[in-house]
Number of protein chains: 2
Amino acid sequence: MNNADSLPGWSLHPQLEQDSVTIADLPLSRLLLSRDANYPWLLLVPRHPGASEVIDLGSVEQGQLMTEIDLVSRALKAVTNCDKLNIAAIGNVVPQLHIHIVARRRDDPAWPKPVWGAAAACPYDLAARESFIAALRRQIGLL
Amino acid sequence: MNNADSLPGWSLHPQLEQDSVTIADLPLSRLLLSRDANYPWLLLVPRHPGASEVIDLGSVEQGQLMTEIDLVSRALKAVTNCDKLNIAAIGNVVPQLHIHIVARRRDDPAWPKPVWGAAAACPYDLAARESFIAALRRQIGLL
């Protein structure tokens, strides 16, 4: 599961680097946590140089991406006990392919609207963030 | 490809029925066109009774869903020559699992924001709609 290798030429987009912290490298994707504490908000970034669309991945990579979406979604739901998962590949601003996986609650600042642009970002308490990442890593099986 | 069978107990959610027209049944999902002409906007609705999340599908269905997302995304991009594809499973309002696949252009009414809630829905010219559906069916290989 822990595979830090990336294809040559891949690096995390500076905007994603700035807006998130790294949790782990899964076989295909880097798993990130958004710095916005309004919602438990993960991102999967396939380490495929130049990919901006899901259709830029080959079929084996697409299958692996779905496997990682399933793995991460289940872990996020288990850790947060959320009401709904929101999963999206948008990328109108940051062109590097990235998949949002957001745990939504009926009392969160944007419900029922999507999260993008809905509320000003809110910083994490550092201890809460580390505790959340640790719980997520345990749930995914990353020790 | 044309497989109108659904698992027993499945029917399209009334809100999706109202907001879209059916293009075809793919092996797993019903393919719909949104009635909002602001953007070429497709939906894939897996015919799995009770599913509201991607993680409610089994792994074979998830693989098929990714195959259908790839197929439909490629056709939509080919027909529209769009600048970006937006793909999302949100479902905070309509609980039946549905995947949005939206063709975005830098001059569309919401760019670069996501489409949900961004602009009042705009009805299609009927001939334009039928022509778009025909082009999409040809591109997908549904004759």
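The values are calculated or read from the model by the stated rules, or taken from the named source; none is laboratory data. These figures come from a predicted structure and were not determined experimentally. Every residue, glycine among them, receives a Cβ derived from its backbone with ideal geometry; neighbour counts consider all protein chains shown. What goes into the accessible areas is simple: the full protein's heavy atoms, side chains included, and nothing from ligands, DNA or RNA. Shrake-Rupley method; radii C 1.70, N 1.55, O 1.52, S 1.80 Å.
Per residue of the protein assembly as shown, what 222 nm ellipticity follows from adding -39500 (n - 2.57) for every DSSP H run with n ≥ 4, rounded to the nearest 500?
After summing the helix terms and dividing by residue count, I get -9500 deg cm²/dmol.
When nucleic acids and ligands are ignored and a 1.4 Å probe is applied, A:LEU26 ends up with an accessible area of around 0 Å².
Ranking of A:ARG104, B:ARG138, B:ARG105 by solvent-accessible surface, largest first: B:ARG138, B:ARG105, A:ARG104 (1.4 Å probe, protein heavy atoms only, all chains present). Surface composition of the range B:3-140: carbon and sulfur atoms hold 52% of the protein heavy-atom accessible area at a 1.4 Å probe.
Residues B:ASP19, A:ASP70, B:ASP125, sorted by accessible area with the largest first, give B:ASP125, B:ASP19, A:ASP70 [1.4 Å probe; ligands and nucleic acids excluded]. Computed with the Debye formula from one identical point scatterer per Cα of chain A, without solvent, the log10 of I(q)/I(0) at q = 0.13, 0.19 Å⁻¹ comes to -0.54, -1.21. Accessible area per residue was computed with a 1.4 Å probe on protein heavy atoms; A:SER52 scores about 40 Å². Distance distribution note for the protein assembly as shown: the fraction of Cα pairs above 23 angstrom is 54%. Taken residue by residue and averaged, Cβ atoms of other chains lying within 10 Å of the Cβ of B:53-61 number 4. Burial of accessible area (probe 1.4 Å, heavy atoms of protein chains only) in the range B:94-143, relative to its chain alone, reaches at least 50 Å² for B:PRO114.
Interface area, chains A and B: about 2500 Å² of buried accessible surface, summed, with a 1.4 Å probe and ligands, DNA and RNA left out. How many angstrom lie between the Cα centre of the range A:1-73 and the Cα centre of the range A:74-143? The range A:1-73 and the range A:74-143 have Cα centres separated by 14 Å. Here the Gaussian network model covers chain B, with springs between Cα atoms less than 10 Å apart; of B:GLN18, B:GLN64, B:GLN96, B:GLN18 fluctuates the most. Shape summary: the range A:24-98 maps onto an equivalent ellipsoid whose semi-axes, from the alpha-carbon gyration tensor, are 21, 15, 11 Å in decreasing order. Our summary gives chain B a relative contact order of 25 percent, counting only alpha carbon pairs under 8 angstrom and 6 or more residues apart.
With its label point put 7 Å out from Cα toward Cβ, A:ARG35 sits 4.4 nm from the same residue's point in the other copies, in order from shortest.
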